[in-house]
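The values are calculated or read from the model by the stated rules, or taken from the named source; none is laboratory data. On a predicted model such as this, the values are computed, not experimentally measured, just so you know. As a convention, Cβ positions derive from the backbone with ideal geometry for all residues, glycine included, and neighbour counts pool all protein chains shown. All accessible areas refer to the heavy atoms of the entire protein, side chains included, with ligands and DNA or RNA removed. Shrake-Rupley method; radii C 1.70, N 1.55, O 1.52, S 1.80 Å.
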Amino acid sequence: MKDAAFLPFNVDCLHGAFVPAKNGGIPPSTRGYWLLLHGQGLVVPDVPGIALPYGEIPEEMGEMISSRVWLGSWRGEPCWAAEIPSDRSLPQGYRRETLVPMQGTRLPDDLLSLGGIAMQVLWWESTSRHCPRCGAETERIGGEWGKRCVRCKLEHYPHLYPAVIVLVEDGDRVLLARKRGWAPGRYALVAGFVDNGESLEAAVRREVREEVGVEVDDIRYVGSQNWPFPSQLMVGFVARYVGGEVRVDREELEDARWFLRDALPDGPSRHSIAGFIIERYARRRD
Ligand SMILES: [Zn+2]
């Protein structure tokens with residue numbers, strides 16, 4: 001992997017095969033690839049291998065969806081997103097493949113990325129039907145994913161929530177943390193949302209101080225990942241430890257501790273920027 005831009009869920013992972021349909025028009029055909037979301041999973045034909053349903057929407061599924069969104073084109077064919085209510089069971093001949101890395105997704109990186117975009121677009125559609133200021137209905141802005149209020153004309157655009165994620169280094173050792181409920185022995189990175197008025201660097205310093213009680217400096221950006229659960233932009237950093245004793249915020253974390261670079265615990269999925277940062281920056285290289 002060249003850099004973090006090619007992590008799953010990032011559009012570069014589709015290598016130009018996907019062209020988004022920002023204008024919201026209807027393509028000439030109702031046929032195409034179907035990204036049918038069922039909870040946090042993609043619906044695929046229940047045959048060996050993993051492929052998207054292609055053609056008209058499968059009939060049994062057509063009556064379960066309330067709307068469809070033209071996502072764009074993929075490999076030159078229209079590509080649609082729709083949500084199957086998660087309380088409905090799937091018709092025979094289909095199965096659900098989870099999109100969640102921590103649940104051990106089996107989807108290939110391109111379908112993971114396309115599925116992530118579909119999830120984000122459907123989430124945006126479901127949360128932008130009404131104006132956040134006056135509550136009136138919204139309409140699509142031409143040529144954009146954005147919406148405009150029909151009454152007060154407020155415009156708003158897809159919401160991405162910036163969050164920082166950071167590896168704290170101190171010579172031979174790195175500071176890793178774990179949350180409650182994670183698989184036993186699994187450690188990852190300190191992370192948190194950016195607050196109003198904060199730079200990314202300030203968010204890194206504050207999150208590290210709040211969650212694990214230490215001070216950092218020399219904060220270096222190492223890459224980012226669009227994370228569709230439901231819509232974060234994870235901004236990755238490596239920072240140098242400059243002082244303080246590890247003190248774990250038990251509200252946020254179950255544990256945090258130093259690990260030697262050649263004795264790292266189980267880490268996060270290779271699909272996540274946390275996995276990328278640990279693989280590339282935490283391991284000892286001889
Ligand atoms: Zn309004």
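Give me the number: length gained by fully extending Asp46 to Lys179, i.e. 0.36 nm times residue separation minus the C-alpha to C-alpha distance, one decimal in nm.
Once the chain is fully extended between Asp46 and Lys179, it gains 44.4 nm.
When the solvent-accessible surface of protein heavy atoms is calculated with a 1.4 angstrom probe, in what order do Cys152, Cys131 fall, highest first? Could the numbers behind the result be given before it?
Values: Cys152 45, Cys131 10 Å².
Result, largest first: Cys152, Cys131.
Determine, at each q value in 0.07, 0.08, 0.12 (inverse angstroms), the log₁₀ of I(q)/I(0) that the Debye formula gives when each Cα of the chain is one equal point scatterer.
Debye output, listed in q order: -0.31, -0.41, -0.86.
Which order do Val11, Val204 take by accessible area at a 1.4 Å probe, largest first?
My answer, sorted largest first, is Val11, Val204.
If you roll a 1.4 Å probe over the heavy atoms of the protein chains, what accessible area per residue do you get for the chain, in Å²? Present the calculation step by step, with values, prior to reporting the outcome.
Working: 14080 Å² over 286 residues.
Dividing the accessible area of the chain by its residue count gives 49 Å².
Convert 20 °C to kelvin, take the viscosity as 1.002 mPa s, use the Kirkwood radius over C-alpha pairs of the range 86-220 as Rh, and evaluate the Stokes-Einstein diffusion coefficient in µm²/s, rounded to a whole number. Intermediate values should be presented prior to the final figure.
Values: Rh = 19.0 Å.
In µm²/s, the coefficient is 113.
If R₀ is 25 angstrom, what is the calculated FRET efficiency for the pair Glu139 and Arg270, using the beta carbon separation as r and rounding to 0.05?
Details: r = 41 Å, r/R0 = 1.64.
Efficiency, rounded to the nearest 0.05: 0.05.
Once the Cβ-Cβ distance between Cys152 and Ser126 is put in as r, and R0 is 35 Å, what FRET efficiency do you end up with, to the nearest 0.05?
0.95
Given the DSSP H assignment, sum -39500 (n - 2.57) over each helix run of at least 4 residues in the chain and divide by its residue total; what's the result at 222 nm in deg cm²/dmol, nearest 500?
Computed mean residue ellipticity for the chain: -4000 deg cm²/dmol.
How large is the accessible surface of His15 in square angstrom, using a 1.4 angstrom probe and rounding to the nearest 10?
The accessible area of His15 comes to roughly 140 Å².
Taking the Cα centre of the chain as origin and charging only Cβ (+1 Lys, Arg; -1 Asp, Glu), how large is the dipole, in debye to the nearest 20?
Using only the charged Cβ atoms, the result is roughly 240 debye.
Might you work out the accessible area of Glu198 for me, using a 1.4 Å probe with all protein chains in place, and round it to the nearest 10 Å²?
For Glu198, solvent-accessible area is about 50 Å².
Take the range 141-276, compute every pairwise Cα distance, and split them into 10 Å bins from 0; I just need the percent in each bin.
Histogram of Cα-Cα distances, whole percents per bin: 12, 38, 30, 10, 8, 2, 0.
Sort Asp109, Asp195, Asp255 from largest to smallest accessible area, using a 1.4 Å probe on the heavy atoms of the protein chains.
So the residues, ranked largest to smallest area, are Asp195, Asp109, Asp255.
Give me the base-10 log of I(q)/I(0) for the range 47-140 at each q in 0.23 Å⁻¹, Debye formula, one uniform scatterer per Cα, rounded to two decimals.
-1.46
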